[in-house]
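S.K.: The structure that follows is given in the form of structure tokens.
The values are calculated or read from the model by the stated rules, or taken from the named source; none is laboratory data. Computed from a predicted structure; not experimentally measured. Using ideal geometry, Cβ is built from the backbone for each residue, glycine included, and neighbour counts are taken over all protein chains shown. Keep in mind that these areas ignore ligands, DNA and RNA; they rest on the heavy atoms of the full protein, side chains included. Shrake-Rupley method; radii C 1.70, N 1.55, O 1.52, S 1.80 Å.
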Amino acid sequence: MAAGMVVALAAAAGCSSNPDTGATPVAPPITTTAVAVGPSTSPPAGAGTNIPPPTAAPTPMPSAAYPPLSGFGAVHELGSAVAISDAAAGTVLSLDRIEYITCPLQAGDPDPCLDGYRTRIIEGERRDFVVAPEVRFTYWEQPEIYLTGGLAKLREFVANAPSNMVLLQLDQAGRVIAVGQPFLP
């Protein structure tokens with residue numbers, strides 16, 4: 001399977017480097033982690049969320065599959081943070097998964113790109129992730145000016161601005177150890 005992904009990435013890279021072909025490069029599909037719970041709705045506060053233990057360590061996404069965030073490190077999931085709650089498993093972050101698609105700017109495009117990218121919510125892909133108590137939250141205050149906070153700041157961010165795009169970094173056990181808010185114009 002890894003060899004197939006390498007071939008697919010090499011083919012995608014070849015397409016994106018030739019602007020004369022007219023092909024629209026797209027990011028490879030986002031992989032699913034074992035920590036995530038299948039399609040669901042946000043749990044009410046205090047509800048017991050069933051999050052199975054991971055069966056394998058999370059795999060980082062290719063860098064073309066998410067917007068850049070300098071110094072963030074490996075990205076394992078991308079989506080809109082829609083809720084954060086306490087459950088029997090610990091603090092749980094609910095995420096509506098997003099597909100990030102790079103695309104060329106073309107005049108007259110009925111679905112125009114914004115500075116070379118599009119985002120699309122993947123329907124039915126709400127996932128819940130256990131958040132480590134020592135989570136690092138990187139967010140922007142102004143374009144290209146980033147601040148760092150912890151779990152309290154992450155809770156405030158999700159409560160005040162639900163559905164903002166975030167990147168997740170997971171540890172070997174599948175817990176969220178870092179959340180980043182990339183700047184998108």
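S.K.: Across the stretch 88-101, what is the total count of residues that are open to solvent by 20 Å² or more (accessible area, probe 1.4 Å), more than 23 Å from P62 (Cα to Cα) and part of a strand (DSSP E or B)?
M.R.: The total comes to 1.
S.K.: Considering every residue within the stretch 123-130, establish whether at least one is without any contact (Cβ under 8 Å) to a residue 60 or more places away in the chain, within 18 Å of the chain's Cα centre (by Cα) and part of a strand (DSSP E or B).
M.R.: For the stretch 123-130, residues without any contact (Cβ under 8 Å) to a residue 60 or more places away in the chain, within 18 Å of the chain's Cα centre (by Cα) and part of a strand (DSSP E or B): present.
S.K.: Turning to a different aspect of this structure: Filter the stretch 155-185 down to the residues that are among the small types (G, A, S) and either open to solvent by 10 Å² or more (accessible area, probe 1.4 Å) or farther than 18 Å from D96 by Cα (or both) and list them by number.
M.R.: Listed by number, the residues that qualify are A159, A161, S163, A173.
S.K.: So which of A74, A152 is assigned to a loop (DSSP other than H, G, I, E, B) and either hydrophobic (A, V, I, L, M, F, W, C) or open to solvent by less than 20 Å² (accessible area, probe 1.4 Å) (or both)?
M.R.: From the options A74, A152, the qualifying one is A74.
S.K.: Which pairs turn up if I take residues in the stretch 90-105 that are without any contact (Cβ under 8 Å) to a residue 12 or more places away in the chain and look for partners that are of a type outside the set (V, I, T) with beta carbon separation below 7 Å, at least 6 apart in sequence or on another chain?
M.R.: L105/C113; L105/G116
S.K.: Further question on the same structure: Is one or more of the residues making up the stretch 145-160 more than 20 Å from A83 (Cα to Cα), among the hydroxyl-bearing types (S, T, Y) and touching a strand residue (DSSP E or B) at 6+ places or on another chain (Cβ under 8 Å)?
M.R.: Scanning the stretch 145-160, I find at least one residue that is more than 20 Å from A83 (Cα to Cα), among the hydroxyl-bearing types (S, T, Y) and touching a strand residue (DSSP E or B) at 6+ places or on another chain (Cβ under 8 Å), so the answer is yes.
S.K.: Among the candidates P143, P104, P110, P133, single out the residue that is modelled with pLDDT under 90 and touching a helix residue (DSSP H, G or I) at 6+ places or on another chain (Cβ under 9 Å).
M.R.: After applying the criteria, what remains is P104.
S.K.: Can you tell me which residue is farthest from P162 (Cα to Cα) among those in the stretch 102-122 that are of a type outside the set (G, A, S), part of a loop (DSSP other than H, G, I, E, B) and open to solvent by 20 Å² or more (accessible area, probe 1.4 Å)?
M.R.: Applying the filter and picking the extreme gives Q106.
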